[in-house]
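The values are calculated or read from the model by the stated rules, or taken from the named source; none is laboratory data. Treat the numbers as computed from the prediction; the structure is a model and nothing was measured. Reconstructed Cβ throughout: ideal geometry from the backbone, glycine too, with neighbour counts over all protein chains shown.
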Amino acid sequence: MTSFQKEVYSALRKIPRGFVTSYGEIANYLDTKAVRAVGTAVGKNPNAPEVPCHRVVPISGAIGKYSGKGGVSTKIRLLAEEGVFVEHDHIKDFSHHFYRFNKGV
DNA sequence: TACATGACTATCC
DNA sequence: GGGATAGCCATGT
């Protein structure tokens, strides 16, 4: 477990239910441009049920990927359970469900 | 230490 | 809007 991963997981837990955020947003919250590294850290996700990794999607509004059971299908299902529906591999009202961190508040 | 890989993003066409 | 290319940082071998 690296310090970087702790930062990432900590940020993921801040994401409220029914909302999603992007890797870039997390990177920005951590004051870094390592969006790739964020994806790598989230991908490992040793705390799957403890971290809402399914609430993280690419800024493009697509689904991205999911290392958990069922893969992307499960990710989409989980989001739907929280009120975030997906249509044609794209989140509906993405900007409306997009969550922004409270940086420095 | 150096190289290769990856749940990405921005830019160009 | 979609496909391709370059840049990016951290991790693992």
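Observations on the structure shown:
For (1) part of a strand (DSSP E or B); (2) under 13 Å from the mean Cα position of the chain (by Cα); (3) within 22 Å of A:S3 (Cβ to Cβ); (4) of a type in the set (D, E, K, R), each residue gets a yes or a no:
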{"site": "A:K33", "(1), (2), (3), (4)": "no, no, yes, yes"}
{"site": "A:S60", "(1), (2), (3), (4)": "no, yes, no, no"}
{"site": "A:G64", "(1), (2), (3), (4)": "no, yes, no, no"}
{"site": "A:S67", "(1), (2), (3), (4)": "no, yes, yes, no"}
{"site": "A:R77", "(1), (2), (3), (4)": "no, no, no, yes"}
{"site": "A:G83", "(1), (2), (3), (4)": "no, no, no, no"}
{"site": "A:S95", "(1), (2), (3), (4)": "no, no, no, no"}
{"site": "A:G104", "(1), (2), (3), (4)": "no, no, yes, no"}
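Okay, residues lined up against (1) assigned to a loop (DSSP other than H, G, I, E, B); (2) aliphatic (A, V, I, L, M); (3) more than 12 Å from DNA strand B (Cβ to nearest atom); (4) touching a strand residue (DSSP E or B) at 6+ places or on another chain (Cβ under 9 Å):
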site: A:E7; (1), (2), (3), (4): no, no, yes, no
site: A:P16; (1), (2), (3), (4): yes, no, yes, no
site: A:G43; (1), (2), (3), (4): no, no, no, no
site: A:P49; (1), (2), (3), (4): no, no, no, no
site: A:G70; (1), (2), (3), (4): yes, no, no, no
site: A:S73; (1), (2), (3), (4): no, no, yes, no
site: A:A80; (1), (2), (3), (4): no, yes, yes, yes
site: A:F101; (1), (2), (3), (4): yes, no, yes, yes
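- When A:G104, A:G61 are screened for being at positive phi, out of contact with any Asp or Glu (no Cβ under 9 Å at 6 or more places or on another chain) and without any contact (Cβ under 8 Å) to a residue 12 or more places away in the chain, only A:G104 passes.
- Residue selected from the stretch A:10-27 under the condition touching a residue at least 40 places away in the same chain (Cβ under 8 Å), surrounded by 13 or more Cβ atoms within 10 Å (Cβ to Cβ) and over 10 Å from the mean Cα position of the chain (by Cα), by the criterion nearest to A:H54 (Cα to Cα): A:G18
- Test for A:S22: is it at pLDDT below 95 and out of contact with any His (no Cβ under 9 Å at 6 or more places or on another chain): no
- Test: A:V72 is more than 15 Å from DNA strand C (Cβ to nearest atom), free of Cβ contacts under 8 Å to residues at least 40 places away in the same chain, among the aliphatic types (A, V, I, L, M) and surrounded by 15 or more Cβ atoms within 10 Å (Cβ to Cβ): yes
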